[in-house]
Every structure is written in C-alpha cells, then in structure tokens.
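What follows is a single structure, written as structure tokens, with notes after it.
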Amino acid sequence: MQRSKRHLLLLTEFFGGGGASCLLCVCVCAPLLPLCARYSARRVTTQHECALVWVQRQVLQSVKAYMRQQNIGSWNALLTGDYLDVTSTTVKGVDHVKAGDVVTFRFSFFTVQGKPCEDITTAGFEPSIETPQNTSVTPVVEKKGSSIVTSFVPTVPGDYTVSATMKGHQIPTSHIVIVTSGPACLEKSTLTPERETVEIFAPFALHLSIHDAHANETVLDPDMEVHAEVTPCSPPHKPSSQYVETAVEVTGARTSITCTARECGVYEVAVHIRRRGEQHSLATRRALIVALTHKQMLQAQQRTSTTYWDAQFYRPRTKSWCKGWLYLTPRQVSVRESWAFIFTSKVFAARISASTSTHVSSSALASCAHLGSAAADLKELMELSPDVIVLDDRKQDPLVVKCPQRTVFLARYFDAVASLGLVSYEMKRDQFFRECKQKQGPPLVVRVRRLQGMEFVHHVREVTKRFGTKEWHADWKVEYAGEQGMDYGGLTRELLTDVITALASSDVGMFSPLSENREAVHIAYPWPHDKLKYYRFAGKIFGKVLFEAQRRQTLSPVRLTSALRSYVLGLHVSYHNFEADDPDLYLRKIKYIIENAVEPLDMTFTDEDEQGQEVELVSDGDNMSVTDDNKFEYLERLAQWRFVTRVDAPLQAFAEGVMKVMPEAALGLLDEQDLELMLCGVPEFQVEDLRANCRVSISCDPPSVLYVFHALASFSRGEQARFLQFVTGQAGVPAGGFANFSPRIEICALEREDCLPEAHTCFNQLVIPRYTSLETCQRCLKTAITEGFQGFALL
C-alpha cells in the first residue's frame, strides 16, 4: 500500500502537481493502484494483468523522462520539490551605463519550494545579448552561490536586451540596459574642413567632432571649452584678426568653426581643447586652408593632366637645395631635377594619398614624433624658408620642396586628394587615351617573318632596332612574309602577344614569378646577363601594348608584379609589395617581423641569395643587428634588395624601354593598379558568383555584408577590378570563377563602425566594419580601393 501511495504522488507531480490535472490523475489512476501493488511483486499470468503492468511501466518511463528533462537527480528531490524551477529565476542588473563600462547581470535561481538552488552550475547556461546594430559582444559567465553572474563591455550606444537559457529552457525574465556614449577621449577628436581651398572674403567652416574611446560621438565635459586660432603660414606666423575672422559654435558633439580669410595665402587653423580658465591645451587639432582670389580659384579648378611649377627640392644626404620642377598629375606628385636648362630627370616620386600628412609650418611638426631627430632639421628649414612644403606618409623620408607658388600648388594638390574617390578608372583611362592619341603617328609598314620563340623575338628586335619614338608611336601595319593578310589591328596584336609570350617563357629565364601561387612575373634572379638588350626591348613591347590599348585594343598575356609596375611608374617599392608579389615570404617572415619582437631572433642586416651566399643589405650589415627600433628599416632594405638592387640593370633597362614609347604625361595619370588594368584588361566580374563562393565569418554583421555586395553591383567594371586587386592582389578571376580562388575569398568582421575596410591579400580576406547605410559602405569601399600604401621615393 505504501508503494501505491508513492506512485500516486509521482503521477500527481508528473501531471502538473495540482488543480484539475491532479484530480484527473487521482481519478484515473486510483482504481489501478491496488492492482499495481498486487501484481508488482509476483509473476504476471493473464492478459488483463499484462495490461495493468504495461500501464505502470509507461507511467514510470514518462516520469523518468520528465526527471531527465528537468535535471532532477533523485526520486527524493522529485517528491520533495528540491529541484530547479526555471520559471522562478530573477534577473537583476543596472539600467544605464556608458560605453566602455562593465555591465553585470545576476541570474538568481530557485527550487520548486522557493529556496535558493545552491547546486546550480554554469553548464548549460547560455546568455543571449541583443545589441544595437548587431554589435558583437563577448559575455563572461561565472557562478556565485545560487546565482550566475554575466558581464560584458558594450562599445556602441543603444539598448541592450539581456536574456538566457538554462539547460535548453528559456528563462522568462529579461532585462534592458541603456548604453550612452562614454566620456570624451580627446585623442579621438577630429577636425574636418568642409573644403581645403577657399576664396577670400567667402566664409568657410571646419567641424570638430568629439568622440569617446570607442569612436562614438559624445560631448565635451562641462568644464572644457574650444578655442580656435588661425595663423598665416608665412612670416610673421602670428595669429591676427587682420588676416582672418573666426567664430566658434558648439552644437552637441560637434563644434563648428566659421572663418573668413581677408588675404591670399596658406593658413593653419589650430583648434585647442582646454579647461575653462586655463591656457594649457589638453588637445590640439590642426588643418590647412588655402585662400585664393577668384581668378586663382578658376585656375586651380581647371582640369589638366599635368601641371608643373618652378621649385627646389632638399637632399637630406647632402643637406642642400637643388634646382628642379614640381610636377602634379591626378595620381602623382613628382620632383624632377633640371640640368643644362633643357633635360630633366625624376628624382622624387609620390603617390597622391589622403593618408599623407601635409606640413607648411614648423608648429605642426611637434606632433610628428615618428620623424625623430629629422623633425628638428625640418623645423629649422621651415623657419628659414617660408615656401617649404613637407609631404609625409610616415613610411619613409618626407618629401621636402620649396615652391614660390606654394599657394596654387597646395590648392591643386588638395583638389587632387579630394577627387581620389570621385575619379573612376574609366575617367583616368579616357584621359590616358587622350594623351596617347596626341602622340599617335601615321601608318608604318612593319615586315616580319613568322618564326618561333626567341628566334621570332630576335627577328622583331632586329627589325625595330633603329626605330625612334616616332616609329614606335606610328600606326603599325604588320605584314608577314609569304602571307596575304591585311592588318586592321589583328596582326599587330598577334605580333605583340607572340613576342611577350616568348620573352616571359620559363625556358628563356628573363622573367619568373616570385611565388609559386602567383602568375605575375618579375625580373628573374639570377638574370641572364647576355640578354640585357632584350630587357630594354621587352620594355618597348610592353610600352607599345599600352600605347595601342585604345587604337588596337592590345592586351598583354603576361602580368607584371606590383613591384615591377611601381618601379616603371617611378613609385617607391617597399616591403608592402611582398604581400601581393611573394605571399609565401610575407607569411613566413615579413608578417612575423612586423607583429613580433625580433631581438630574440638574433638577425642581422643580411639576406641569402639563390646560392645560399650571405648578402649584406647595408655596409657592414653582418655586424648590424636587427632590433625592434630598426626592423622596418631592415624590411625596406630587404625589399630594395629583392625587388630592385639585385636586378638593377635589367630592371632599369626594362623601365627605359617603356619610357621610350610611353608619354610620361600619360603614365603619370596611373598608379600600379591602374597600370595592370591597362595592360591586362578589366576582368569579367559576376557579383552573384562571388556571393556564392566566398566565406563569410559568423561574427560579421549581416546587413553590412549585404551592403558590400550591393555596392559591388553598383560599381563600374574598373572599380570591381580594383576591388579584386585590393582583396586578392590580382585583377583577374581564375578560370572557373571565384570558386577556384585558393584560398577562397573570405569576409571577416572589424570591430568598428563606418570606417574603411581592410584587406589581407595573402589570405584573400576582406575585413569590414559595421556599416549603418549602403551609401556609407559605397563611399568607404571606393576610398579603400583607390587608396594605396605607396608613398614617396628618392630615386
């Protein structure tokens, strides 16, 4: 009878524990209890008895399943109610915090009897945090008594909803915490002018944005104020209302500074953030403004492919000024040395980039700690010479020039920087074609014999050996001996393609890839010394392919490395080129040196050649150790050795060959990525193919990923090709489509918002932040694919 009562209690608990369910359970099961007790201890003999036992077993199995589901460890816990009741869980936490603060929530668990559940564990506890803009947060979970404490750090303002599940059961109580922007982080404040070039007597505005440590817009502390002063960047370098009128207006997180220039010149706007009643600045943000007359504004707005000014450039090694010319194209700023008042040679080359700092006053150099002792020399130069311009990309020695027409140059330079994201590849290509068309000559018959391999190369070289620039610019009409074909462009394309294919053949040994998984070729090392004249001829053939790109739609069957293309354009070749041209070396060595301490490696300024012989990268490099302070200098020396120095003669011959054919004004319109597209063409790009065959990290913000694909669909073919170069280091799609990229293109998350994406070409990775709109995504993506890492070069 006692066993029957226990079964009744068990069934009552199983069917609900009270109310109508309990009454129904008793009514149905009570008549069966005597039979269950009677037959549970002896052998079942009749069909009726079997049915009763079957019912008993089914009930017991259901109860055991219920106990497993509710994690009830014993019959005693079931009968006494000493087990977890998820529905009675309470949640306590803060309601309001600032971004960057630690948010803590306590989940308190109780038993069915209402007592604290002491034997609770974190196993099976899964917190869920709904964040604004799908921000990724990582909660930390720990057990404290009968409670589980969950904490996380929010970085984006908004409403966060915290909930959780326990052993698969949803805890019914949730909590909402409101996160606001954190305190002002003055290091994150930015000063942005509406435009860098203004007209005198016309008001212009600059905007100071205050951010917290996580780049969220915030407001200044009540005891802080903003003070603006405008200084002319020519003697006497003193702020005066004689030159500029200023007014400051604070609205929330943004401070507007409105100025009006009364005289032409270059002005430095310095905005100081300081505590009220104090003169010491907690932070200072600077911007340059060029004020012009109406006539000068019209001249600065004229779109020309190349503009130059009389200037002087500074040689750091000799500490002297040299006569030269300052050239500006839509993609490059360069300095050329003039001699005999007739000939010029390029001594500096700079790629126009928004990341490059422009200094025209010595006061701005105070924040350039990366220049070290060179900052003092530059400061002295700028104080002695009022027309000095310093362009610094923070990667190499700054470019220092002195230009009497500094105001007009800076206006054109800032205009070129501002148009980086607006000038598409198609616009540059059309301007490139116009420059080439001006040099095109009349038809010229070129008679050749059809041969194979290097025999054909040697034959074509002999035919064109006495050609001058005029003949290379002519409209070739190729005639093959013994053939009746008429050249309407096809025979010229065939000749150029056959010559390039033969020159780049691995059997010849003139060109070779730097990595096994890259198609692009560089000057082979060791290079065949008996073929130096063929390198110059190869440069002429590549130059002819470029020159005939519009007239004959010629394309190169061979891709060149980014280092080789940069050298041809006069741009600096640096260790950044390893990532695209030699990813194996980059992953094995370069990346490790960049990210880790190198002093334990006991490295010196040396490298090994193909024969395993040690080569010194600097004088006495075998005794010069690589340290954390000079490791980037070591990487630059290594890049110069591998890309340039060891193949200097054929590399220079190849570049001379290209320049023999191509107008320099046309090449100045391009960067190394544009040059690849001009040589090899713009590839077919199917956004749906990319979407179907790329990997997307689980931490990515889904709307932002969709924004990227929508932005790509709206891009021109040239912009799509630049995107491929940005992510993979190459402009083409492998045969078979995006599925054949190795590794597959992957989209990963960047824990920021509305900023430029990043890329790792070694892994074919695109790293994107959270984007709040499609327009922002398009703008940032366009800026990223038009920006680059190239800076300045001293040739």
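The values are calculated or read from the model by the stated rules, or taken from the named source; none is laboratory data. Computed from a predicted model, the values in this text were never measured in an experiment. Quick reminder, even Gly has a Cβ in these numbers, built from the backbone with ideal geometry, and neighbours come from all protein chains shown.
A few notes on this one:
- Matching residues, segment 454-501, being of a type in the set (A, V, I, L, M), out of contact with any strand residue (DSSP E or B) (no Cβ under 6 Å at 6 or more places or on another chain) and in a loop (DSSP other than H, G, I, E, B): A481, M486
- Listed by position, the helices (runs of 4 or more DSSP H) inside segment 685-775 whose residues that are crowded, with 19+ Cβ neighbours inside 10 Å and of a type in the set (F, W, Y) number at least 1 are 702-714, 717-728.
- Options L585, L564, L569; residue that is modelled with pLDDT of 90 or more and closer than 30 Å to L328 by Cβ: L564
- Out of G182, G158, one residue alone is under 35 Å from the mean Cα position of the chain (by Cα) and within 25 Å of L282 (Cα to Cα). It is G182.
- For segment 202-223, taking the residues that are in a loop (DSSP other than H, G, I, E, B) and among the acidic types (D, E), the one that is surrounded by the most Cβ atoms within 10 Å (Cβ to Cβ) is identified as D212.
- Residue pairs meeting the criteria (Cβ under 7 Å; at least 6 apart or on separate chains; first of a type in the set (A, V, I, L, M), in segment 162-190; second part of a helix (DSSP H, G or I)): M166/V86; I171/V86
- Yes/no for V390 being assigned to a strand (DSSP E or B), crowded, with 18+ Cβ neighbours inside 10 Å and within 35 Å of the chain's Cα centre (by Cα): yes
- Enumeration of residues in segment 610-652 that are within 34 Å of the chain's Cα centre (by Cα) and closer than 30 Å to T469 by Cβ: F643, V644, T645, V647, D648, P650, L651, Q652
- Strands (runs of 3 or more DSSP E) wholly inside segment 248-323 that include at least 2 residues being over 16 Å from I389 (Cβ atoms): 254-261, 265-275, 283-292
- Top-ranked residue in segment 568-614 [being in contact with a Lys or Arg (Cβ under 8 Å, 6 or more places away or on another chain) and farther than 25 Å from L724 by Cα; ranked as surrounded by the fewest Cβ atoms within 10 Å (Cβ to Cβ)]: D609
- Any hit, segment 172-188, residues being in a loop (DSSP other than H, G, I, E, B), under 22 Å from A416 (Cα atoms) and either in contact with an Asp or Glu (Cβ under 9 Å, 6 or more places away or on another chain) or acidic (D, E) (or both): no
- Check on L564, under 26 Å from G468 (Cα atoms), aliphatic (A, V, I, L, M) and not in a loop (DSSP other than H, G, I, E, B): yes
- Selection count, segment 502-538, where residues are under 17 Å from N577 (Cβ atoms) and part of a helix (DSSP H, G or I): 0
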